[in-house]
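Worksheet: one structure, shown below.
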Amino acid sequence: LDSNGVYNGTSELQLERINVYFNEASGNKYVPRAVLVDLEPGTMDAVRAAPFGQLFRP
C-alpha cells in the first residue's frame with residue numbers, strides 16, 4: 001500500500017488476502033483494521049504527521 005491506501009503490488013495472492021489486515025474503503029483504498037498506539041498526545045501527533053498518517057483517523 002502507498003501512503004494513500006492504494007494497493008500497488010503485483011501479487012494476486014496478496015490482493016486476495018489483503019482483507020486479513022485491511023478493510024476496503026471507497027475508491028479501492030485500504031485502511032488498517034487495527035492500529036495499536038499509545039494514546040499520549042505526542043505519540044498521536046507523531047503518527048498523524050508520519051507519511052502513513054493519512055491512513056489513521058481515530
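For the reader, a short list of remarks on this structure follows.
- In this structure, the amide hydrogen of Phe22, modeled 1.01 Å from its nitrogen in the peptide plane, lies closer than 5 angstrom to those of Arg33, counting only residues at least 5 positions away or on a different chain.
- The string of couplings for region 15-24 from the Karplus curve (6.51, -1.76, 1.60, θ = phi - 60°) is 5, 5, 9, 5, 6, 5, 10, 10, 9, 7 Hz, one whole number per residue in order, with x for Gly and Pro.
- Whole-Hz couplings from phi, Karplus 6.51/-1.76/1.60, listed for region 41-49; x for Gly and Pro: x, x, 5, 4, 5, 5, 5, 5, 7
- Most mobile of Val47, Val31, Val20 in a GNM of the chain (Cα contacts under 10 Å): Val20
- Cα centre as origin, Lys/Arg/Asp/Glu Cβ charges: the chain dipole, Debye: 120
- Based on the reciprocal of the average 1/r between different C-alpha atoms, the Kirkwood radius for region 12-55 equals 12.0 Å.
Every read-out reported here was derived from the displayed coordinates using simple, explicitly stated rules and does not represent laboratory data. Every value quoted in this text rests on a predicted model; they were computed, and no experiment measured them. When we count neighbours, we look across all protein chains shown, and the Cβ atoms used for this are built from the backbone with ideal geometry, even at glycine.
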